[in-house]
Amino acid sequence: MRFMYIVTSSKPMAGPSPALAEAMQRISEREIKAGRMIDNGGLMPLSTGARVRIIDGELSVIDGPFIEAKEVVGGYAIFELHDKAEALAMAKEFMQLHLDHMPGWDGTCELRAFATPGVDIACEVDAKSGVAAHA
Amino acid sequence: MTAADIDQTIHAVWRVVQPRLIATLSRMLRDVPLAEELTQDALVAALEAWPSIGVPDNPGAWLMTTAKRRALDVLRRGRMLSDKHDMLTRDMLQEQEIVPDFDAALDDDIGDELLRLVFTACHPILSREARAALALRMICGLTTSEIARAYLVPDTTISQRIVRAKRTLSNSGLAYETPSGEALSERLASVLEVVYLIFNEGYLAARGEEWLRPQLCDEALRMGRVLAGLAPDEPEVHGLVALMDLNASRAHARTDANGDPILLMDQNRALWDWLQIRRGLLSLERARELDGAGGFYALQAAIAACHATAETAASTDWQRIAQLYAELARLVRSPVIELNRAVAVGMAWGPQAGLDVLDEIASAPALASYHHLPAVRGDLLQKLGRFKEARQAFETAAHLATNARERVLMERRAAGLSDVGGSA
C-alpha cells in the first residue's frame, strides 16, 4: 500500500534543529535503502505559494503568504508499506525524533493511504475540510 | 490499546527492523541461521512483554537490545571455546557494557552486513524455492504464514522449506562473506533471479484464482530497491528494478470488473501508475549510465518502457521493440524470445514479416506444446486474410492451452473464422 505523509505545524516553521536535521537525514537514508520511502520533499514557506480558489462560481488567485493559515505544511513523503499498522509505526518513529531532538515543537504528521485507481472509490469531498480529492 | 492493536503494532515494527536485527546479529555471531533464530526469540519476547508493559517509545531499539542480549549470551557461553572471534566478542561486550546507545544500535551502518545476508539467503546451493522463502523471511520480514498465504500453500510446507534451507546453510560450512570479482556477478545473478521469480509469481499468478497477487510483487519491488541501495554500481540491479516497476505500473489496468484479464493493447492507460513509471524510467536510465543497456533485465525493461511511454496503443514504437527483442535474442537464445520478436516484427513491418520469423522457430522442440506459438501464427495468418489456416492454428492453440480461460479465448477466435469465407 502506498501512503502519503504530510507534516504540518501550527507554529511558524523555523528550520529543524541541527540534531533533528541529522536524525531525519539518517532515517530518510535508512528508509530509502530499505525500499520503503519512494519519494519525499520539504516545502518552502507560504510566501512562495499561491492558492487558486473557486468561490461562487468564480476563479480567484491568492498569492501567499496566507494570513489566515493556521497550519503550515512543511514537507511530505511517499512510502510503500504493508498496511496501516506499519504506516503508523513509521509515523510514530518519525515524530519521536522531533520529540527527542527538537523539544517544544508542536506539529502533526498526517498519513493517508493512496486510492487504487479503478478499485477504491476515493472520497469525493471530505465533509470536514471541504477538500475535494481527485483520485 | 487492545491486545489486537498491540499484536498488530509488534508485527509492523517487526517487519521494519527485522532485517537489521538479523544483519547485526550475523555480524556478531558469524552465523546467519543462528542469528535468524535469536531474532525470532526477540519477537517472542516482545509478544510476551508488550501487552503488560505497553509498547515502548522506541520499539525498534527495544527489539534490537533484546536480540543483542540473546546474541551476547550465546557468545559468552561459547567463549570457553576460545573462538577466533574472541577479540571481536570482547570488544562488543565492552561496547555493550559501556554505552547501551539504542539509537546507535539501530543506526549502525549495516549495509555490508545486509548485502552478505542477501547473498547468504539467495545462495545457489539452495533451491530456487528455498531461496525465495528465505529471502521473504529474512529480508522482507514476512512470517511463515504470510509467506504460505502468498504462495497458497500450507504453513507447514513453508516452515519445512525454511528449516531445511537453514540446515543446508549451517551444514555447508560456507564462508560468511561478500563475494567479489567474478564470483560477485555470478552470485548477484542468483539474487536477481530470486527477486524476479518472486515478482513473477505475484504478477503472473501461476496458480490460484487471482490473476495478480500484489503482496509478492510489492515484496520483490522492495527487495529490488534494497539491492539498488546496497549495490548501486551494478547496472543489472537497476535494470531489474526498472523492469519490475514498469510492469507493476499496469497492475490496476490488467483486469476488468469481473477479474478477466485485459490485454496490454486494450488497457486504459489512464489507470497506469505514473509515479511508478517515472521511477522505472529513472532506474532504466541509471542502468544505461552504468553501461548496462544491453543487460538481460535492462533490455526487457527497455521493451516495457516502449509500452509505458506510448500515449496510445497505436503509437507504440514496434520497430524499436523488435530491435530490442533481437538484441535480447542474441544475449539469450530462447524460442520464447523469438516468438515475442515475431509479434513485434509483425506489428512493425507487417504480418508476413512476422510469419517469416515464426517459420524459423516453428520446429523448435521447446515450443512443441507451447500454445502461444499457434496462437500468434493464427493471428498473423488472419491479418493476411488466410482464414482457413488461421482457424486451424487457433484450434491447435485451443487444444494445447492449459488454462481454461485461454482455451475459451482460442476457441472463440477459431469459431469467429468459420463464418468468414476462406480465401485460402
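The values are calculated or read from the model by the stated rules, or taken from the named source; none is laboratory data. Note that the structure is a prediction, hence the values are computed from the model and not measured. Please note: Cβ atoms are built from the backbone with ideal geometry, for glycine as well, and neighbour counts cover all protein chains shown.
A compact table of results
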| item | result |
| --- | --- |
| In the stretch A:64-117, the residues that are at pLDDT below 90, more than 8 Å from every other protein chain (Cβ to nearest Cβ), within 20 Å of A:Asp39 (Cβ to Cβ) and assigned to a loop (DSSP other than H, G, I, E, B) | A:Ala115 |
| Residue among B:Asp5, B:Asp41 that alone is within 14 Å of another protein chain (Cβ to nearest Cβ) and among the acidic types (Asp, Glu) | B:Asp5 |
| Check on B:Ala121, farther than 25 Å from A:Phe94 by Cβ and at pLDDT 90 or above | no |
| Search result, residues across the stretch B:333-353 that are surrounded by fewer than 16 Cβ atoms within 10 Å (Cβ to Cβ) and polar (S, T, N, Q) | B:Ser334, B:Gln352 |
| Residue in the stretch A:5-14 that is free of Cβ contacts under 8 Å to residues at least 24 places away in the same chain, within 14 Å of another protein chain (Cβ to nearest Cβ) and out of contact with any strand residue (DSSP E or B) (no Cβ under 7 Å at 6 or more places or on another chain) present | no |
| Residue list for the stretch B:294-307, restricted to those being of a type in the set (A, V, I, L, M) and over 20 Å from the mean Cα position of the chain (by Cα) | none |
| Boolean, B:Ala189 is within 22 Å of A:Thr116 (Cα to Cα) and assigned to a helix (DSSP H, G or I) | no |
| Candidates A:Ile6, A:Ile27, filtered to the one that is closer than 30 Å to B:Pro19 by Cβ, in contact with a Phe, Trp or Tyr (Cβ under 6 Å, 6 or more places away or on another chain) and either of a type in the set (Val, Ile, Thr) or assigned to a loop (DSSP other than H, G, I, E, B) (or both) | A:Ile6 |
| Condition met for A:Ile32 (exposed (fewer than 11 other Cβ atoms within 10 Å of the Cβ), over 16 Å from A:Met95 (Cα atoms) and not hydroxyl-bearing (Ser, Thr, Tyr)) | no |
| Meets criteria (closer than 20 Å to B:Leu204 by Cβ, over 20 Å from the mean Cα position of the chain (by Cα) and either surrounded by fewer than 18 Cβ atoms within 10 Å (Cβ to Cβ) or more than 11 Å from chain A (Cβ to nearest Cβ) (or both)) for B:Asp256 | yes |
| Qualifying residues in the stretch B:47-98 (those that are at pLDDT below 65 and assigned to a loop (DSSP other than H, G, I, E, B)) - the one farthest from B:Ile22 (Cα to Cα) | B:Ser82 |
| Whichever residue in the stretch B:226-243 is under 14 Å from B:Asp112 (Cβ atoms) and of a type in the set (A, V, I, L, M) and, among such residues, is farthest from the other protein chains (Cβ to nearest Cβ) | B:Ala231 |
| Filter result for the condition that a residue is more than 14 Å from chain A (Cβ to nearest Cβ), surrounded by fewer than 17 Cβ atoms within 10 Å (Cβ to Cβ) and out of contact with any strand residue (DSSP E or B) (no Cβ under 6 Å at 6 or more places or on another chain), over B:Ala270, B:Ala314 | B:Ala314 |
